[in-house]
Amino acid sequence: MLAAREHEFIALHSQHFTRVYHYIAYRINDRARAEELAADVFRIVWEKRLEEPPGIGWLIATARNVLGNEYKGRRRREQLVERLAEEARTQGEASDDGQRAAVAEVLTRLNDRDREVLMLSYWDELSTAELAESLDCTPSAAAVRLHRARKAFAKAAPTHLMTERKG
Amino acid sequence: MDRIEQLMKDAKPRVGEPDTTPGTDSARSIVFSTDPNVVSLAGRTPARRTALRAAAAGLAVAAAVAAAVVVGGSLVQQPAPDPANTGTPSVSASPTPTATPSPTQTAGLSTNGVACTPANIDLRRSTQEPVTEAIPASQQKYYKVLGCAEGWLAYELSAEGAQVIGGDGGDAWYNIAKLQDNKRFLTDFQQPWASVSSWKFQALNNDVSQNGQHLTVQQAMDQEFAQKGIPVEIRPQLLGDGPAAESGTGSPQSLGAYTSPDGRVSFNYPAAWTVQTKESSTPGAVNLAVKDASGKKLAELAFGTQGGGLGGSCGQYVPYTVLDYAEVPLPYNEAFEGVITPRFAYRAMESNGKVLASYGLTSTVGGADGKACLIYNVVNGPEESPIYMFASGLQMTAGLSDADAKAAGVLVFNTMDEAVAYRNSEEYKQVKAMITSLKIQGRDYSVAK
């Protein structure tokens, strides 16, 4: 017989495990490791004995720290670059005229903060409120960060990338 | 969906479902990870590995707890729940200026004989072969017309709409449409005038602590109108008057005022905060602490104490950075060696892998060549108060332990980015506004000996 806390934890795990795993798997090139790290995030949740079940923003912030512990500083960026390169290679440039590779190139040139905000918004699909929770700031500050990151992206991207129509 | 969003989503790595089935078994393996009979991670991981992984997780938790203590040890309020291992201070939940524009009645509004309604707006997206399309009937409910005049129309997309339609930053911009020859309004996203920052963003973009601009939100909005070729004179008809002028400069909306019994020392503070005065053995001396609504101490003020030179020794010089400063017209002792004009400063020291930070009035620089070991948040004052302070704490020393930092009113951050982020918080803005509002009247001979 499981206690209420266990039930709550299992519900949380069912609800969010895939998203946390995806967050990590978007950023490193090792699926099995991504799964282990996602499991670590949930171990932390369990062991922290939080008063309330955490939201996805909190889980993502924790996943970011777990990733950060695993891949320090530049290593973390290299992981992402590898991940993006691998993706560009396996998903076939033929279909998108190298657009994916071009975006990857732009992303690697952004600073960590801008890149992370863009990835959180468009890959992990966090809402502004979740983004704020993940970045530990107010929703309006999160919206501003996204706004700034978008500006940085537009600035870093070659003109053809910004105007070309897909398809 | 706009171009950047589309590019990002197209470039999103394809990641399948995890092998771990979310929920029951894998979750139980965590719940019962101390039970040697339970094979964790859906049976893929050998038991010895489990033990190692559990140990690693334990370390991560220890790190998380340590970080929580760091945050708790700073002046900063702990958000609950706090993400593991992040020391980012919580941004206080004080109200940001309500940014809802209150333009004139929009129902039945028209300009140049055309009704200003979402049904009459066409959108031309920013793509290589732009197509002009009316806002679909099913989506019109997400658009709200804010105002119109002289063939221009301003409207916004609700946050819900931004989510449903797939746009982004629904609350960040107001869109602008221009009446065309075909008697329809058009928002051409390739034109600069297609959108302007919302009132809320004008306030944030013109944040004094960030870029030193002293524009009101109205001035900032008008500037953006002018830059984008939208007639500035119709701004009130399109977007209303905007939030109260003072909120654009980060000033607290509702202020309390403190004045010392002898009238010499006064300042303003947010009405929700409290001022706690302390008894002083020196007649006429002012000693007080300012706390926020939750009772967290944000600043201490001491004025009029005669004795007590500054002490403190230090051996370690570490890099320090001035993250923000603003000169404040206050009395100071020009004869004091190395004195600079009194100013509010927010300074950070990089010490032992952490960032220590404190804010307050000062009349001395932190140190030469970007290095400091002891930073004083005091002003070398006039005769009646040779030193005075209004700061998070009196001094900050390299190598402070977390507990000492807390006692000394020093904030502890994990990274410089976090220290910078705090500068953008509402709490910081309010504290800065309070400290820089300090006024000290000229020497009062009835009090001086």
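The values are calculated or read from the model by the stated rules, or taken from the named source; none is laboratory data. Quick caveat: nothing in here was measured; it's all calculated off a predicted structure. Here the Cβ is made from the backbone with ideal geometry for all residues, glycine too, and neighbour counts use every protein chain on show. These accessible areas exclude ligands, DNA and RNA; they are computed on the full protein's heavy atoms, side chains included. Shrake-Rupley method; radii C 1.70, N 1.55, O 1.52, S 1.80 Å.
On the accessible surface of region A:6-116, probed at 1.4 Å, how many percent belong to carbon and sulfur atoms?
The nonpolar share, carbon plus sulfur, comes to 44 percent.
How large is the accessible surface per residue of chain A, computed with a 1.4 Å probe and reported in Å² as a whole number?
44
Return the residues of region A:33-70 for which accessible area with all protein chains present is lower than in the chain on its own by 30 Å² or more; set the probe to 1.4 Å and exclude ligands, DNA and RNA.
The answer is A:GLU35, A:GLU36, A:ASP40, A:ARG43, A:ILE44, A:TRP46, A:GLU47, A:LYS48, A:TRP58, A:ASN65, A:ASN69.
With the solvent-accessible surface defined on protein heavy atoms using a 1.4 Å probe, which residues belonging to region B:12-28 display a reduction of at least 30 Å² in accessible area in the multichain context relative to the isolated chain?
B:LYS12, B:PRO13, B:ARG14, B:VAL15, B:GLU17, B:PRO18, B:THR20, B:PRO22, B:GLY23, B:ALA27, B:ARG28
Once B and A are treated as a pair rather than alone, how much accessible area drops out, both sides summed, in Å² to 100, probe 1.4 Å?
Interface between B and A: roughly 6200 Å².
Taking the Cβ-Cβ separation of A:GLU86 and B:GLN140 as r and a Förster radius of 41 Å, what is the calculated FRET efficiency to the nearest 0.05?
Given R0 = 41 Å and the Cβ-Cβ separation, E is 0.40.
Less than 12 Å apart at the alpha-carbon level, and either on another chain or at least 8 residues along: which aspartates and glutamates does that give for B:LYS278?
Result set, ordered by chain and number: B:GLU300.
Suppose R0 equals 56 Å; then what is the FRET efficiency for B:GLU133 and A:LEU50 from their Cβ-Cβ distance, rounded to the nearest 0.05?
Using R0 = 56 Å, I get an efficiency of 0.75.
Along the Cα-to-C-beta direction of B:GLN180, a point sits 7 Å from the Cα; which residues of region B:132-168 have their amide N less than 12 Å from that point?
Label zone hits: B:132-135.
Once the other residues with Cβ under 14 Å from the Cβ of B:PRO236 are scored (Lys, Arg +1; Asp, Glu -1), what is the net sum?
Counting the neighbours of B:PRO236, the net charge comes to -3.
Here is the link list: A:LYS151/B:LYS183; A:LYS155/B:LYS200; B:LYS183/B:LYS228; B:LYS406/B:LYS429. Which ones come out longer than 27 Å on Cα distance?
A:LYS151/B:LYS183
Between B:ALA244 and A:SER14, what is the FRET efficiency for a Förster distance of 30 Å, r being their Cβ-Cβ separation, to the nearest 0.05?
0.05
When only Cα pairs under 8 Å and 6 or more residues apart are kept, what is the percent relative contact order across region B:313-430?
About 25 percent, as a whole number.
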